[in-house]
Amino acid sequence: MEEFEQIFGIDSKDLKDTCVVMPFINSEMRKSLQIKNLNKGGLYSSVSNDAFTVVLTRMGAGFTGDCICYLAEAGVKNIIFIGSCAGVNPALKIGDVVRVIEGYSVDSFSCILKRDLQKNMYVKLNTISETTIEKTNYAVCLTTASIKHEKNIVENIQCGDIDVIDMESSAVIESANRFGLNAQIFLFIQDIYPDKPFYRAYDAHDKLLISDAQKRIASIIWDTIK
């Protein structure tokens, strides 16, 4: 068994040109993306349908960035990242879908603990297709390495131009640009800072909004692939 298959659960020869990368997946998203059982590797779980490969990475910039580097070295050309985020811009609501192509990173956990909270600008993505812009809100994203210290981060850096906070987008952008990959990032708003934190009990209405957002992203992906 080759190294790639041990890590990803599938042979690199079975990869499609486009990979949909995501930290987690639920049954509804599996159905929307038309995939069944994922093959579990040492780090990631993967499966391919007729159009693209889906890879589950776990949460965090490190797992996500390493994943995209491996995929690039295996010959993948396009990355579509799907994730969740917290809305910081008051105009955003639970269940909104945003498209990220630029933003900032404070994705070193040790720096966060030391209160070294200088945000670093990361460059724009080379996008797969501009046709999806009309279907999603454009957002500037701050990627952080800590959910627990989110309040400290927001209160101690200038966040006036930041719309959402997540834990992976900076790694997607940096790794995709490093290898010259085309990429898209779609995030759905799952939390609202500071009123609806991640640890709250999700009511039925919020669950429905989040489910609908995931279905919209899946629909955009199919439109993009076609």
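Number of residues in the range 152-180 that are in contact with a helix residue (DSSP H, G or I) (Cβ under 6 Å, 6 or more places away or on another chain) and in a loop (DSSP other than H, G, I, E, B) equals 2. Picking from residues in the range 169-196 that are surrounded by fewer than 19 Cβ atoms within 10 Å (Cβ to Cβ) and more than 17 Å from residue 141 (Cα to Cα), the one that is farthest from the chain's Cα centre (by Cα) is 195. Taking the criterion of being touching a residue at least 40 places away in the same chain (Cβ under 8 Å) and aromatic (Phe, Trp, Tyr), the residues of the range 1-51 that qualify are 4, 8. Looking across the range 217-226, not a single residue is of a type in the set (Lys, Arg) and surrounded by 18 or more Cβ atoms within 10 Å (Cβ to Cβ). Here 181, 209 are screened, and the one residue that is closer than 23 Å to residue 27 by Cα and of a type outside the set (Val, Ile, Thr) is 209. For the structure I just gave you, tell me whether residue 82 is over 15 Å from residue 15 (Cα atoms), buried (at least 19 other Cβ atoms within 10 Å of the Cβ) and of a type outside the set (D, E, K, R). It is true that residue 82 is over 15 Å from residue 15 (Cα atoms), buried (at least 19 other Cβ atoms within 10 Å of the Cβ) and of a type outside the set (D, E, K, R).
Residues that are under 13 Å from residue 94 (Cα atoms) and touching a residue at least 40 places away in the same chain (Cβ under 8 Å): does the range 166-187 have at least one? Among the residues of the range 166-187, at least one is under 13 Å from residue 94 (Cα atoms) and touching a residue at least 40 places away in the same chain (Cβ under 8 Å), which makes the answer yes.
Since every read-out is calculated from the coordinates, none of them should be taken as a lab result. What you see is a predicted model, and the numbers here were worked out from it, not measured in a lab. Please note: Cβ atoms are built from the backbone with ideal geometry, for glycine as well, and neighbour counts cover all protein chains shown.
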